Amino acid sequence: MAEETKLDPGAAPQFPTDTTGLSTVYTNFCRVNVTPEELVLDFGLNPQVTPTPGEPIKLTHRVVMSFYNAKRLMNALIGVVSQYENTYGPLEIDVQKRVRGRPAFGAGLGGPAPRT
């Protein structure tokens, strides 16, 4: 008798993938647009710390997906970010709050020791 493969009904299906044409990019900017049927994500690199009027952010990649795939992506990202925060602590996305709690740039790097 042939062996039957038992699948876990709760497990996500695994699909074979071909990564030979895959490229990697870094992005720190994302613009989101929608149509009634699709989600459009435009990615780029913002080299400025603060926005500079007249200097546009160069968009380099566009991802278009259905809202069904967008929801799957959202759930995957929520899971991964939650795992990260459980391991390393919460991520503060408000830059002003992040900066206020840190020492000044260069503090403690070769300068005199702080007084106690």
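Rule-based calculations on the coordinates, nothing more; no lab input. Values in this document were obtained by computation on a predicted structure and should not be read as measured data. Here Cβ is always computed from backbone atoms with ideal geometry, including for glycine, and neighbour counts include all displayed protein chains.
Could you give the nm distance between label points at residue 67 and residue 18, where each point is 7 Å from its Cα heading toward the beta carbon?
3.3 nm
log₁₀ I(q)/I(0) of the stretch 14-107 at q = 0.11, 0.13 Å⁻¹, via Debye over equal Cα point scatterers, no solvent, to two decimals?
-0.53, -0.74
Highest mean first, what order results for 76-83, 39-46 on Cβ atoms within 10 Å?
Put in order of decreasing packing, that is 39-46, 76-83.
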